[in-house]
Amino acid sequence: MFQEVPGCQNCTKYGRDIISHLHMVEIIETAFIPLVIYNKSGKDRETLLQFKEPSWNNPVVRIINQDGRDLVDHTGEFKSESLILSKVMEVLEQKNEDILPM
């Protein structure tokens with residue numbers, strides 16, 4: 001997730017309302033390696049530039065493989081839990097993994 005720092009109102013709302021749901025957290029932490037890239041300096045800034053993300057982003061979610069390629073279209077839609085969940089499910093289906101962890 002690319003996020004503007006300090007957290008703007010949209011970033012704060014996204015974290016509080018969209019990705020903090022118990023089941024969403026469980027799926028993301030079980031099936032993925034979650035990372036947050038801030039618009040600061042150093043390695044985070046280098047990663048921001050590598051993915052051509054502007055430093056003034058609202059939250060942008062990308063689901064990538066170990067080579068940094070997007071597994072699904074990335075999205076800057078930060079108001080829809082169902083959209084993020086559908087992207088997560090799409091990747092799990094591609095990997096032929098169960099949607100809900102055991």
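Give the residue that is surrounded by the most Cβ atoms within 10 Å (Cβ to Cβ), with candidates limited to residues of segment 29-45 that are in a helix (DSSP H, G or I) and either on the phi > 0 side of the Ramachandran plot or touching a helix residue (DSSP H, G or I) at 6+ places or on another chain (Cβ under 7 Å) (or both). Let's see the steps before the verdict.
Our first condition is that a residue be in a helix (DSSP H, G or I); within segment 29-45, this holds for 29-31, 42-45.
With the extra rule that they be either on the phi > 0 side of the Ramachandran plot or touching a helix residue (DSSP H, G or I) at 6+ places or on another chain (Cβ under 7 Å) (or both), the set shrinks to 31, 42.
On the way: 31: 18, 42: 8.
Among those residues, the one meeting the criterion is 31.
Only one residue in 43, 79 is within 19 Å of residue 13 (Cβ to Cβ) and of a type in the set (Lys, Arg), so which one is that? Talk me through it step by step, then tell me what you get.
Working: 43 fails: within 19 Å of residue 13 (Cβ to Cβ).
Just one listed residue meets the conditions, 79.
Only one of 17, 67 is part of a loop (DSSP other than H, G, I, E, B) and surrounded by fewer than 17 Cβ atoms within 10 Å (Cβ to Cβ); which? Explain how you work it out, then say what you get.
Numbers: 17 fails: part of a loop (DSSP other than H, G, I, E, B).
Of 17, 67, the one residue that is part of a loop (DSSP other than H, G, I, E, B) and surrounded by fewer than 17 Cβ atoms within 10 Å (Cβ to Cβ) is 67.
Restricting attention to segment 70-102, report how many residues are assigned to a loop (DSSP other than H, G, I, E, B) and either at pLDDT 85 or above or closer than 26 Å to residue 39 by Cα (or both).
At the first step, the residues of segment 70-102 found to be assigned to a loop (DSSP other than H, G, I, E, B) are 71-74, 76-80, 95-102.
Right, trim to either at pLDDT 85 or above or closer than 26 Å to residue 39 by Cα (or both) and you get 71-74, 76-80.
Residues that pass the stated criteria total 9.
Would you mind stating whether residue 48 is surrounded by 13 or more Cβ atoms within 10 Å (Cβ to Cβ), over 16 Å from residue 80 (Cα atoms) and at pLDDT 80 or above? Don't jump to the end; show me each part of the working.
Numbers: surrounded by 13 or more Cβ atoms within 10 Å (Cβ to Cβ): yes; over 16 Å from residue 80 (Cα atoms): yes; at pLDDT 80 or above: yes.
Yes; evaluated as a whole, the condition is true for this residue.
The values are calculated or read from the model by the stated rules, or taken from the named source; none is laboratory data. All values reported here derive from a predicted model rather than from experimental measurement. Here the Cβ is made from the backbone with ideal geometry for all residues, glycine too, and neighbour counts use every protein chain on show.
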